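Reviewing the structure listed below.
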Amino acid sequence: MDLIQRGAEAEQLLANPLLKAAFEGVRQKLLDRIEETAIGDIDTQHELVLCLQTIKNIRRYMENWIRDGQLEAERASSNSAWQKLQKRIGVKT
């Protein structure tokens, strides 16, 4: 899978209402559990925060894929336009 395709698929996934609801639902459940955890239960609090950070990192990773795909698409478009111009004016590469 190339960068452009991966970025497009990541964008579709992040725009999917079911996936959005899943991310938000899991996030909210974790926050609820953090609020319910006893003040002295540092280990459980730590584990729950790590889970929250993991969800955030998954989303961020997918957003990076989207950005990478967009940049690659722009680069490909620029290269194509440059090649067409070179051909038009008779520059040999």
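The table below lists the values:
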{"read-out": "Net charge, E24 excluded, C-beta distance under 14 Å - Lys, Arg +1, Asp, Glu -1", "value": "+4"}
{"read-out": "Candidate aspartates and glutamates for bridging to K20, where Cα separation is under 17 Å - those fewer than 8 sequence places away on the same chain excluded", "value": "E9, E11, E63"}
{"read-out": "Test item: Cα-centred dipole of the chain, Lys/Arg +1 and Asp/Glu -1 on Cβ, debye", "value": "980 debye"}
{"read-out": "Percent breakdown of C-alpha pair distances by 5 Å bin, ordered from the shortest bin, for the chain", "value": "3, 12, 14, 13, 11, 10, 9, 7, 6, 4, 3, 3, 2, 1, 1, 0"}
{"read-out": "Eligible aspartates and glutamates near K29 by straight Cα distance, threshold 14 Å, same-chain separation 8 or greater", "value": "E47"}
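No value in this document is a laboratory result; all are computed from the given coordinates. Computed from a predicted model, the values in this text were never measured in an experiment. All Cβ positions, even for glycine, are placed from backbone atoms using ideal geometry, and neighbour counts span all protein chains on display.
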